[in-house]
Amino acid sequence: MLKINGITKILFPTDYFNINASRWFVLLIYWLTLASVQLCIPIYSGSDWYGDWWLHYDVAQFYLGEKAGDTIYFGIYTVTSRTPLFNLFISYYLGLFGNGFSVYQLAALLPGIFLLTTITLFLRSRKVILAMILLALNPYMNHMIIFPWPKILTSIYIIAGIYFYLKIRKEVASTWLNHSRLYCGISLGLAMLTHPSALIYVVAIAVDNLWLNRGHFLNIIRQLTIPLSSAFAVLLPWLLWGINRYGIREFFHNSAITTGKASIAVRIVDTLKNALYTLEPHRLLNEFLNIDPERTRIGAWNSWLLLYYDVLPGTLTLTMAGLLIVTAIKRYFNKIPLQSILPHSFFVIIIMVGFWGGCILQPGPNPGGIVGESMTPIFFFLVLVIAEYLYVLPINVKRSLLLLSFGEFLLSFGLHMSFMAMDSPIVWDSNLNLKFNNDLFFARDLTETAWPIFVGAISFLILFAIGCKNPVNEKEK
C-alpha cells in the first residue's frame with residue numbers, strides 16, 4: 001500500500017483533483033490510451049466476434065456510394081441485415097478524413113469515450129471517477145470498445161433511454177406528452193436503429209411498466225404510448241427505405257436472419273447452452289480437461305485471454321465479481337439495500353430480460369459466452385453497483401482491490417496486447433484471412449513503430465494511479 005500511495009503522490013502531488021476537471025482528464029487520457037492500443041493491433045482477435053469488424057466498414061462503403069447494395073456477406077447477410085446508424089456514423093468520419101480502414105478504426109473508438117460520460121447520469125461526486133476507472137481498466141470493456149462494431153454506440157442510447165424511463169417511472173402527472181417520454185422513445189429508437197438487439201431492453205422497460213402499474217391499465221397506456229410511438233417513428237424511415245428498395249418479404253427476412261435459421265426446438269436448446277456458457281468458463285475448463293501436449297501452451301494462454309472477453313465472471317474481473325457477490329450477500333443478510341443505481345424490481349428485470357434475451361438472440365450455441373453480443377448495458381450497470389460498493393470501503397481495502405483488479409487486467413488484456421504487438425501466433429485466428437483477402441491496412445500497418453504500446457502502457461498506469469488517488473469518501477477526508 002505504501003508503494004501505491006507513493007506512486008500516486010509522485011504523479012499527482014495535490015491532495016485532490018477538482019472533480020469536474022478530473023473527469024475530463026480521465027476522458028482525455030482514456031482516449032489517448034485507446035488510440036495507442038488501436039495503433040498496436042495487427043489483427044482483431046481474442047473473441048468469437050469474427051467478421052463484424054470488417055463487415056461494418058464494408059457496409060459503410062455503401063453509404064458513401066462506393067459499394068453496391070446487393071453485396072452478400074458470409075453467404076447470408078446483406079446491407080439491410082444491419083440497421084444503419086453505426087455505419088452512417090462511421091461513414092461521416094470516413095468522408096471527412098479519408099476512406100481508409102485506419103480512419104475507421106480510430107473513429108470507432110469515439111462511442112467508448114461517450115459511454116464513460118453517461119456514468120454521470122447515475123452517479124455523483126467521486127463515485128463517477130471511480131466508475132470511470134473501473135470501466136477504463138476492464139479488459140472486456142477495452143476489447144468491446146477497440147473492436148469496431150455498433151454495440152457500444154447502441155449501449156449509449158439504451159442507457160439514455162433507461163435514464164429517461166426512470167423519470168417516467170416517478171411521474172404522477174396525468175399528461176400524455178412530456179420531455180421524458182419523448183426523449184426515452186427517441187433514445188430507444190436510435191438504439192434499435194444502431195443494433196436490433198436493443199429491442200431486448202425495450203421489452204425490459206415494457207415488462208417493468210406492466211409490473212409497476214399492474215391493475216392500472218390507463219397508467220400503462222399513458223406512460224408507454226409516447227415512448228413506443230416515438231421509437232417507432234425513429235425507425236420508420238429505415239423500414240420504409242428497406243421495404244421500398246428490397247420488398248417487404250426480403251427486407252424482413254434479411255433482418256431476421258442475423259439470429260440464425262434454427263428451428264424453435266433447436267433454438268431453445270441453444271438458448272440454454274448460451275446461458276450456461278456465459279456463466280461458466282467453458283473453454284477454460286475444456287482446456288484443462290482435454291490437454292493436448294502439442295497445443296498446451298497456446299491453448300492455455302488463449303483460454304485465459306478468452307475468459308476475460310466472453311464469460312460473465314471475467315468481464316467484471318474475478319476480483320470485482322468476488323466483491324459484488326460477497327457484498328451483495330452481506331447486505332442481504334444485514335437487510336441493507338443491495339444497490340441504489342436502479343429501482344430494485346427494474347434492476348432485476350433489466351438483468352433477467354437482458355440476459356435471457358441475449359441468449360435467445362445469439363445464433364447457435366457459443367462456447368465462449370455471449371456477453372459481447374447484447375449484454376453490455378447489463379455489464380455497465382453492474383460496474384456502477386460495484387463502484388458504489390467499493391466507494392464505501394476503507395481506503396486501503398479499496399486500493400488493494402483496485403491493485404488486484406489491475407493485476408488481472410495486465411495478465412489478460414495487457415498480455416494479449418503484448419502478444420499482438422510481437423506478432424505472436426498465440427492470438428491469431430481466422431480474422432487474419434479477412435484482413436489479407438480484403439487488402440486492409442490497419443493503423444498499425446501505417447505506423448509500423450513500437451511507440452504506441454509504450455504510450456498506451458503509460459496511459460494505463462496514469463489511469464490506475466488516478467483510481468488509487470480518488471476513491472476517497474467524505475468520512476475519510
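For (1) in contact with a Gly (Cβ under 8 Å, 6 or more places away or on another chain); (2) farther than 27 Å from Pro237 by Cα, each residue gets a yes or a no:
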site	(1), (2)
Asn138	no, yes
Ile168	no, no
Cys184	yes, no
Leu190	no, no
Ser197	yes, no
Val203	yes, no
Ala206	no, no
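If I filter the stretch 76-105 down to residues being touching a helix residue (DSSP H, G or I) at 6+ places or on another chain (Cβ under 7 Å) and aliphatic (A, V, I, L, M), which single residue comes out as surrounded by the most Cβ atoms within 10 Å (Cβ to Cβ)?
Here the residue is Ile90.
Can you say whether Asp292 is buried (at least 19 other Cβ atoms within 10 Å of the Cβ) and at pLDDT below 90, as far as the supplied structure shows?
Criteria not met by Asp292.
Being touching a helix residue (DSSP H, G or I) at 6+ places or on another chain (Cβ under 6 Å), of a type in the set (Ser, Thr, Tyr) and surrounded by 21 or more Cβ atoms within 10 Å (Cβ to Cβ) is the requirement here; does Tyr73 meet it?
no
Just to be sure, is Ala321 surrounded by fewer than 21 Cβ atoms within 10 Å (Cβ to Cβ), modelled with pLDDT of 85 or more and either in a helix (DSSP H, G or I) or of a type outside the set (A, V, I, L, M, F, W, C) (or both)?
Here the answer is yes, as Ala321 does meet what is asked.
Check whether at least one residue in the stretch 119-138 is free of Cβ contacts under 8 Å to residues at least 40 places away in the same chain and either in contact with a Ser or Thr (Cβ under 9 Å, 6 or more places away or on another chain) or closer than 30 Å to Arg399 by Cβ (or both), and report yes or no.
Yes.
Can you give me the ranges of the helices (runs of 4 or more DSSP H) entirely in the stretch 1-68 with at least 3 residues that are surrounded by 14 or more Cβ atoms within 10 Å (Cβ to Cβ), at pLDDT 50 or above and in the same structural domain as Phe464 (by TED's automatic domain parsing)?
Working: elements: 2-11, 19-38, 52-63.
Answer list for the stretch 1-68: 19-38, 52-63.
Any residue in the stretch 324-335 that is buried (at least 18 other Cβ atoms within 10 Å of the Cβ), modelled with pLDDT under 90 and in a helix (DSSP H, G or I)? Working first, answer last.
Here is the first cut: in the stretch 324-335, the residues buried (at least 18 other Cβ atoms within 10 Å of the Cβ) are 324, 327.
Subset that is modelled with pLDDT under 90: 324, 327.
This time we only want the ones that are in a helix (DSSP H, G or I), so: 324, 327.
Looking for residues that are buried (at least 18 other Cβ atoms within 10 Å of the Cβ), modelled with pLDDT under 90 and in a helix (DSSP H, G or I), one finds at least one in the stretch 324-335, hence yes.
Among the residues of the stretch 246-273, which ones are farther than 16 Å from Ser374 by Cα and outside any helix (DSSP H, G or I)?
The answer is Gly247, Lys261, Ala262, Ser263.
Among the polar types (S, T, N, Q) and farther than 14 Å from Thr83 by Cβ: does that describe Asn274?
Yes; evaluated as a whole, the condition is true for this residue.
Mind checking whether some residue in the stretch 203-225 is at pLDDT below 90 and within 24 Å of the chain's Cα centre (by Cα)?
no
Take the residues of the stretch 234-261 that are in contact with a Gly (Cβ under 7 Å, 6 or more places away or on another chain) and aliphatic (A, V, I, L, M): which is nearest to Ser81 (Cα to Cα)?
Per the criteria, the residue is Leu235.
Collect the residues in the stretch 165-190 that are free of Cβ contacts under 8 Å to residues at least 24 places away in the same chain and either in a helix (DSSP H, G or I) or under 14 Å from the mean Cα position of the chain (by Cα) (or both), keeping them in residue-number order.
Correct list: Lys167, Lys170, His179, Ser180, Tyr183.
Confirm whether Ala256 is hydrophobic (A, V, I, L, M, F, W, C) and without any contact (Cβ under 8 Å) to a residue 12 or more places away in the chain.
So Ala256 fits the description; yes.
I'm trying to understand the selection: among the residues of the stretch 430-444, which are aromatic (Phe, Trp, Tyr) and assigned to a loop (DSSP other than H, G, I, E, B)?
Step one: filter the stretch 430-444 for residues aromatic (Phe, Trp, Tyr), giving 436, 441-442.
Phe441, Phe442 - these are the residues of the stretch 430-444 that are aromatic (Phe, Trp, Tyr) and assigned to a loop (DSSP other than H, G, I, E, B).
The values are calculated or read from the model by the stated rules, or taken from the named source; none is laboratory data. These numbers come from a predicted model, not from an experiment. No Cβ is skipped: glycine too gets one built from the backbone with ideal geometry, and neighbour counts run over all protein chains shown.
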